[in-house]
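Please read the structure below before turning to the comments.
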Amino acid sequence: MANGYDVIIIGSGPGGYVAAIRAAQLGLKTAVVESKHLGGICLNWGCIPTKALLRSAEIYHYFEHAADYGLSAEKIGFDPAAITKRSRGVAGQLNQGVTGLLKKNKVDVIWGIAEITAPGKVTVKPAAAEAYGKPNTPPKGALPAGNYEAKNIIVATGARPRALPGIEPDGKLIWTYFEAMVPETLPKKLLVMGSGAIGIEFASFYHTMGADVTVVEVLPQILPVEDEEIAAHARKRFEKQGIKILTGAKVTKVVKGANSVTATIDTGDGKTQEITADKLISAVGVVGNIEGLGLEKLGVKTDRGCVVIDGLGRTNVPGIFAIGDVAGPPMLAHKAEHEGVICVEGIAGLHPHAMDKAKIPGCTYCNPQIASVGLTEKKAREAGYDIRVGKFPFIGNGKAIALGEPEGLVKTIFDKKTGQLLGAHLVGAEVTELIQGFVIAMNLETTEEELIHSVFPHPTLSETMHESVMAAYGRAIHI
């Protein structure tokens, strides 16, 4: 039938559109249902446009420190509207790229809001006329709302910012990442609630652009998923820059004024303090978009706001799958993409390897950057491993010194018995580009011997990786 497919994917974010392309490559008749933006939150309102903002901040930072490089820059400044315009332009370009990729691979786009009404049946209702304050225009050639059928249905609806009771974002004084990405004016004083990747990236951006920034984290450590030593190094750098950080602290009350918010903060020592800021960014995590899909009626199992799946994206209901943020942590675009490929290859009968979450890298693009993969030192010890730990500071690396980026650290963790690389944790310049080397090593089940005998190019920041491995075995040369 005309409205019948092998695969219908609900959502076109990194997981959804990648799964659709892979399904089409495998000869499956495929459609994607989308109601706002092809490319999803990551491409349009997350990963990509935030990196554009951070790039503007990075260049401005170097202008401010031109004298450190023997250069001069006078009357430097910035235009917030132009910075935002560039960021939105980058997102728009990639949105068009996803549109072209889906068309090239003959993936149908159904424009609207999907509900799974029965096994194999999807009802699509018309999309909202407006999204993010602008007309919500479907891409050329998109199919209309209606009833569709598919042998396999993949839920890839992503996640949204979590809201805390009494501190719900209002889009004016209390922001989520949506509003933080398109400010009409830059706040002079900013309070950031949450120190995960989203909170720290915005804290870094706004601080670099001149804001007085305070970060409040309920846990004892900022960047809670990172290795303690790496997080401590990052915190020291942030505080040296002038960012104020309160850990073990909780925002208990927010009072809104005409143009400011006053937050009452329980500092965890029996005391409280008040901070008044122009804006408050709520970055306390995200929750999966599982509502309105018909999952509960069909008996699809969920847990803490996410769909429960196995390593191949299968739910407990045959023919219904889930991938990406809606399927639980780690809520990362590259995890969603890989999960989408695994899911579709399983549907096609290719017997893919199940997702191994222990080998998914995480990156935070603040200044300094943070990147990691595998077990932290604490987690490795808790798991019962007898470990070797190697550390190498950027100050011992010629390229880092030449770049004017001598503050950083690479930390590697090995199983003492087997030489297996259990984890790698980095903080410093461009470490988000370096981490893939350790990810590949882990996937190839590389031991310390292969890493030590690999020849790393000189002068590069990647030499810090090599030295860290050698340090774990008492062989580091440059410290």
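Any residue that is among the aliphatic types (A, V, I, L, M) and over 26 Å from V307 (Cα atoms) - is there at least one of those in region 103-126?
no
What residue, among those in region 18-56 that are part of a helix (DSSP H, G or I) and over 17 Å from the mean Cα position of the chain (by Cα), is farthest from T99 (Cα to Cα)?
Filtering first and then ranking leaves S56.
Can you run down the residue pairs with Cβ atoms below 6 Å, 6 or more apart or on separate chains, where the first is in region 8-29 and within 14 Å of G346 (Cα to Cα) and the partner is among the small types (G, A, S) and buried (at least 24 other Cβ atoms within 10 Å of the Cβ)?
Qualifying pairs under 6 Å: A19/G340.
Go through region 65-84 residue by residue and tally those that are in contact (Cβ under 8 Å) with a residue 24 or more places away in the chain and farther than 30 Å from A180 by Cβ.
Looking only at that region, the number is 1.
Is it the case that some residue within region 387-397 is in contact with a Ser or Thr (Cβ under 7 Å, 6 or more places away or on another chain), part of a loop (DSSP other than H, G, I, E, B), without any contact (Cβ under 8 Å) to a residue 60 or more places away in the chain and not assigned by TED's automatic domain parsing to the domain that holds E337?
The answer is no; no qualifying residue exists.
Within region 283-292, can one find any residue that is loosely packed, with under 14 Cβ neighbours inside 10 Å and free of Cβ contacts under 8 Å to residues at least 12 places away in the same chain?
yes
How many residues does region 209-221 hold that are buried (at least 24 other Cβ atoms within 10 Å of the Cβ) and over 14 Å from K250 (Cβ atoms)?
Qualifying residue count, region 209-221: 1.
Does A322 qualify as being among the small types (G, A, S), within 23 Å of G40 (Cβ to Cβ), modelled with pLDDT of 95 or more and crowded, with 20+ Cβ neighbours inside 10 Å?
Answer is yes for this residue.
Scan region 408-420 for residues that are under 17 Å from E382 (Cα atoms) and under 24 Å from the mean Cα position of the chain (by Cα) and jot them down.
Those that are under 17 Å from E382 (Cα atoms) and under 24 Å from the mean Cα position of the chain (by Cα): T412, I413.
Quickly run through region 30-43 and pick out the residues that are touching a residue at least 60 places away in the same chain (Cβ under 8 Å) and of a type outside the set (G, A, S).
Result: T30, V32, V33, E34, K36, H37, L38, I41, C42.
If you go through region 142-158 one residue at a time, do you hit one that is closer than 30 Å to L280 by Cβ, in contact with a Lys or Arg (Cβ under 7 Å, 6 or more places away or on another chain) and either touching a residue at least 24 places away in the same chain (Cβ under 8 Å) or in a strand (DSSP E or B) (or both)? Break it down into steps so the answer makes sense when it comes.
Here is the first cut: in region 142-158, the residues closer than 30 Å to L280 by Cβ are 157-158.
Still in the running and in contact with a Lys or Arg (Cβ under 7 Å, 6 or more places away or on another chain): none.
The answer is no; no qualifying residue exists.
Residues in region 415-424 that are more than 16 Å from I440 (Cβ to Cβ) and either part of a strand (DSSP E or B) or among the polar types (S, T, N, Q) (or both): how many?
Looking only at that region, the number is 2.
The values are calculated or read from the model by the stated rules, or taken from the named source; none is laboratory data. In this text, all values refer to a predicted model and were calculated from it rather than measured experimentally. Glycine gets a Cβ as well: all are built from the backbone with ideal geometry, and neighbour counts include every protein chain shown.
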